[in-house]
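Structure first, then comments.
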Amino acid sequence: MSSDTAFGASAPTHTIIARSDVRIEVLAQGSGPLIVLLPSLGRGASDFDRIATRLAQAGFRVLRPQPRGIGQSHGPLTGIDLHDYAGDVAAVIAHANDGAAFVVGHAFGNRVARMLATDRPELVRAVGLVAANIGKAPSPPQVRAAIRNSADPSLSDAERLAALQFAFFAPGNDPREWLAGWHPDVLAAQRIAGDRTSREEDFAGGTAPILYLQPDHDPLAHVEDAKAYQEQFGARVTVVVIAHASHAVIAEQPEGVSAALINYARRLWP
């Protein structure tokens, strides 16, 4: 039992949502306005354990859909794009029947959140972008290689830790926690789906309000990119810089991420 659960947060329930030939496992906890958390490339809902607990304790209903290929979620992993992943999340929100959600995506999940806000705006109260590579070009080759190596179980721990430190963790932050939790097949499928989807399609995130949580030391998502995004879309975008964090900010600074999400969500639902 985690310390957060021990101090009063209920453990999540697990539900399976059917969407055609897709089955999505959903972790749910708390009650109140709806927040949906989407994990990063090749990783699952457990990355948000500490944050989900804090959000539930703060008075929100938190849903965490497992991506296809993780946990009890399954569905086609080839011939798909970001519209398909967004459709999975749309089915989860529609099934909850609790109104539009604050949809928060970490890293790869941010593109799914923006695509959902584009395709199904009626389901999205606001979008949260966490460590978002907001640019219209793919990540640089050396960063892509480090991400792939981070998830590669055939490499030594030392090699993987070096890759994790480079791509995901700020200096002084310990990357060992993220040696576990990878799903290489899912990572490969999600990367192909992302590459098949023009970044122009999801770039604006529809017309929803956007909270942009920007780590201060991220080789994929830069502070200047967040500021440029805010300048382009004006008051619709709120930028909060999270200190002492890189691309794995939800693992490095869960308290800071949680506080920023809670503060913003309370403004969405006064």
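Could you pull out every residue, at least 5 positions away or on a different chain, whose amide H is within less than 5 Å of the one on G69? Hs are placed 1.01 Å off N in the peptide plane, and Pro or chain starts have none.
Sorted by chain and number, the residues that satisfy this are H74, G75.
Among DSSP beta bridges whose residues both lie in the chain, state the antiparallel percentage, nearest 5.
Values: 13 of 36 bridges.
Of those bridges, close to 35 percent are antiparallel.
Which loop trypsin sites (Lys or Arg not before Pro) in segment 62-169, with loop taken from DSSP, have no more than 14 other Cβ atoms within 10 angstrom of their Cβ?
K136
Run the simple label-point estimate for L179 and E255 please: 7 Å along Cα→C-beta, distance reported in nm.
Calculated label separation equals 2.6 nm.
Each label point is 7 Å from the Cα along the Cα-to-Cβ direction; what then is the distance between the points at K227 and A94, in nm?
Here the answer is 4.2 nm between the modelled labels.
Using +1 on the beta carbon of Lys and Arg, -1 on that of Asp and Glu, and nothing else charged, what's the dipole of the chain about the Cα centre, debye to 20?
Taking the Cα centre of the chain as origin, the dipole is about 440 debye.
Summing Lys, Arg as +1 and Asp, Glu as -1, what charge do residues with Cβ under 14 Å from the Cβ of N263 carry, N263 excluded?
+2
To the nearest 500 deg cm²/dmol, what mean residue ellipticity at 222 nm is calculated for the chain from DSSP H runs of n ≥ 4 alone, each contributing -39,500 (n - 2.57), summed and divided by the residues?
Mean residue ellipticity at 222 nm (helix-derived): -11500 deg cm²/dmol.
Please give me the summed charge of the neighbours of A126: other residues whose Cβ is under 11 Å from its Cβ, Lys and Arg +1, Asp and Glu -1.
+3
Per residue, what accessible area does segment 60-194 have, given a 1.4 Å probe and all protein chains present, in Å²?
Solvent-accessible surface per residue comes out at 38 Å².
Figure the gain on full extension for E200 and A11 (residue separation times 0.36 nm, minus the Cα-Cα span) and round it to one decimal in nm.
Gain on stretching E200 to A11: 64.2 nm.
Would you work out if the chain is rounded, prolate or oblate? Take a ≥ b ≥ c from the square roots of the eigenvalues of the alpha-carbon gyration tensor; rounded if a/c is under 1.5, else prolate when a/b is larger than b/c, oblate otherwise.
rounded
Taking a label point 7 Å from the Cα of Q142 along the Cα→Cβ vector, which residues of segment 222-247 have an amide N closer than 17 Å to it?
222, 247
Once phi is turned into ³J(HN,Hα) by the Karplus curve 6.51 cos²θ - 1.76 cosθ + 1.60 with θ = phi - 60°, what whole-Hz value does each residue of segment 122-132 show in order, with x for glycine and proline?
5, 9, 10, 6, 6, 10, x, 10, 10, 6, 8
The values are calculated or read from the model by the stated rules, or taken from the named source; none is laboratory data. Everything numeric here is computed off the predicted structure, so don't read it as measured data. For neighbour counting, all protein chains shown are included, and Cβ atoms are generated from backbone atoms with ideal geometry for every residue, glycine included. Note: accessible area is taken over every heavy atom of the protein model, side chains too, but ligands, DNA and RNA are not part of it. Shrake-Rupley method; radii C 1.70, N 1.55, O 1.52, S 1.80 Å.
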